[in-house]
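Please read the structure below before turning to the comments.
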Amino acid sequence: MQHGAARSVRTRFGVSLRIHHEPLVELGRALLRQGYSFITPTPETHRRANRNAEARGRARGSSLRDVFGWNRPFDQGALPSPLLSLLRDANALDVRQDDLRSRVRFSTLGGRAFAHGSYPTVEDDAVFFGPDTYRFCSLITSNMVPCARVADIGCGSGAGGIVASRFARDVVLSDINDSALALARVNAAIAGLERVEAVRSDVLASVDGSFDCIVANPPYLADAAARAYRHGGDDLGSELSLRIARESLDRLAPGGRLILYTGAAIVDGVDVIQRGLLPLLTERGATYTYEEIDPDVFGEELDLAAYQNVDRIAAVGLVAVMPMTSGAR
Ligand SMILES: C[S@@+](CC[C@H](N)C(=O)[O-])C[C@H]1O[C@@H](n2cnc3c(N)ncnc32)[C@H](O)[C@@H]1O
């Protein structure tokens, strides 16, 4: 491989990661066979853990978790050569002089491996996976029922749809980010799933038909850089979550359910997401539960100008069920 050839081509949500599918699938499977596990924390915790490792003289990776979880630079000898070859063949090895670094990370969830973006996630097409993903998947597992067709809107690495596949025959993964779709296909293949389709789509605009279940963990912050995995649009980042709720409710079959995990800015005690959801749910006669899953996430955002009137940001979960008599329009 040529040095530096693996670097991303920057386009706004165009194909920029340019990974090669098969070797990355093989790599994910090989990691699982070797007992690899890694839970990805918040970026801030990741930064602190890497700083502490550096202070202990462990800045360079010497284990699978260092290389694929903490995403530390490593020397050629740190990885077994079959894994290094797979990483190279996948076009996912960054080489800068003596520093090797993986261009993807792997996290584990429920015994499965998920490839996602490298650390730090600064690119506008970074592929997200983090504590929100774990909470989202747990909401799915607790609230999904067996069904025929499920969609995961804003699928990122595909974790939600792949977890939901346990309950569904067909899975549609949608995202506007081609790098996310490429890794979602890799992750579905690592999991051995065949009836999974990954579609480039703004919410459900490019996806046909109705669904028995729609799951989503969209971006929910007011991100000054408007990165796709973070920026939820106007009204303190609530715009996209409310749009997903509206468009999903209109595409659910009778009795279908929406499982929406998102973040809600709380302003003077009022939850901006809940306030926007209630009329949508009432209008369609949906029954629902709405809960605060974590009362305080991304507290550091309150330092930013956009959040000056905000009390806190809560991680919230909506489970809405359509009446049996109405449904997809
Ligand atoms: C916070 S990430 C969550 C990813 C994944 N659902 C998870 O739980 O790990 C949000 C995802 O929504 C995608 N996204 C943003 N705007 C979108 C839109 N208009 N339509 C579809 N997906 C979108 C982003 O590209 C990103 O992959």
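Filter the range 149-191 down to residues that are surrounded by 24 or more Cβ atoms within 10 Å (Cβ to Cβ) and acidic (Asp, Glu) and give me whichever is farthest from residue 227 (Cα to Cα).
Restricting to residues being surrounded by 24 or more Cβ atoms within 10 Å (Cβ to Cβ) and acidic (Asp, Glu), the top hit is 152.
Counting only residues that are modelled with pLDDT of 95 or more and within 27 Å of residue 301 (Cβ to Cβ), which one in the range 1-41 is nearest to the ligand (Cβ to nearest atom)?
Going through the range 1-41, the residues modelled with pLDDT of 95 or more turn out to be 20-41.
Subsequent filtering for residues that are within 27 Å of residue 301 (Cβ to Cβ) retains 38-41.
On the way: 38: 15, 39: 13, 40: 10, 41: 14 Å.
Only one residue tops the list, namely 40.
Can you say whether residue 174 is modelled with pLDDT of 95 or more, near the ligand (Cβ under 8 Å from one of its atoms) and either touching a Cys at 6+ places or on another chain (Cβ under 9 Å) or of a type in the set (Val, Ile, Thr) (or both), as far as the supplied structure shows? Break it down into steps so the answer makes sense when it comes.
Values: modelled with pLDDT of 95 or more: yes; near the ligand (Cβ under 8 Å from one of its atoms): yes; either touching a Cys at 6+ places or on another chain (Cβ under 9 Å) or of a type in the set (Val, Ile, Thr) (or both): yes.
Considered against the rule, which asks whether it is modelled with pLDDT of 95 or more, near the ligand (Cβ under 8 Å from one of its atoms) and either touching a Cys at 6+ places or on another chain (Cβ under 9 Å) or of a type in the set (Val, Ile, Thr) (or both), residue 174 comes out as yes.
Are any residues in the range 139-159 free of Cβ contacts under 8 Å to residues at least 60 places away in the same chain and either in contact with a helix residue (DSSP H, G or I) (Cβ under 9 Å, 6 or more places away or on another chain) or within 9 Å of the ligand (Cβ to nearest atom) (or both), and if so, which ones?
Step one: filter the range 139-159 for residues free of Cβ contacts under 8 Å to residues at least 60 places away in the same chain, giving 141-142, 146, 155, 157-159.
The answer is 141, 155, 157, 158, 159.
Can you spot a residue in the range 163-170 that is touching a residue at least 40 places away in the same chain (Cβ under 8 Å) and away from the ligand (no atom under 12 Å from the Cβ)?
Restricting attention to the range 163-170, the residues satisfying the condition of being touching a residue at least 40 places away in the same chain (Cβ under 8 Å) are 163-164, 167-168.
Cutting the leftovers down to away from the ligand (no atom under 12 Å from the Cβ) gives us 167-168.
Yes, the range 163-170 contains a residue that is touching a residue at least 40 places away in the same chain (Cβ under 8 Å) and away from the ligand (no atom under 12 Å from the Cβ).
Which number in (1) within 16 Å of the ligand (Cβ to nearest atom); (2) buried (at least 19 other Cβ atoms within 10 Å of the Cβ); (3) among the hydrophobic types (A, V, I, L, M, F, W, C) marks the one condition that residue 68 misses?
(1)
If you go through the range 86-121 one residue at a time, how many are buried (at least 16 other Cβ atoms within 10 Å of the Cβ) and outside any strand (DSSP E or B)?
Narrowing the range 86-121 to residues buried (at least 16 other Cβ atoms within 10 Å of the Cβ): 86-95, 100-109, 112-119, 121.
So of that shortlist, the ones also outside any strand (DSSP E or B) come out as 86-92, 103, 118-119, 121.
Residues that pass the stated criteria total 11.
Which of the residues that make up the range 48-71 are farther than 18 Å from residue 34 by Cβ, among the basic types (Lys, Arg) and under 26 Å from the mean Cα position of the chain (by Cα)?
48, 51
Those residues that are within 15 Å of the ligand (Cβ to nearest atom), in a loop (DSSP other than H, G, I, E, B) and surrounded by fewer than 24 Cβ atoms within 10 Å (Cβ to Cβ), I need them from the range 192-218; list them, please.
Selection gives 201, 202, 203, 204, 205, 206, 207.
Determine if the range 237-247 includes at least one residue that is within 14 Å of the ligand (Cβ to nearest atom) and closer than 29 Å to residue 21 by Cα.
First, pick out the residues of the range 237-247 that are within 14 Å of the ligand (Cβ to nearest atom): 237-247.
With the extra rule that they be closer than 29 Å to residue 21 by Cα, the set shrinks to none.
No, every residue in the range 237-247 fails to be within 14 Å of the ligand (Cβ to nearest atom) and closer than 29 Å to residue 21 by Cα.
Name the residues in the range 102-126 that are within 11 Å of the ligand (Cβ to nearest atom) and either of a type in the set (Gly, Ala, Ser) or within 13 Å of the chain's Cα centre (by Cα) (or both), would you?
To start, the set of residues in the range 102-126 that are within 11 Å of the ligand (Cβ to nearest atom) comprises 107, 109, 114, 116-117, 121, 124-126.
Within the range 102-126, 107, 109, 114, 116, 117, 121, 125, 126 meet the criteria.
The values are calculated or read from the model by the stated rules, or taken from the named source; none is laboratory data. As the structure is a computational prediction, the values presented were derived from the model and not from experiment. Here the Cβ is made from the backbone with ideal geometry for all residues, glycine too, and neighbour counts use every protein chain on show.
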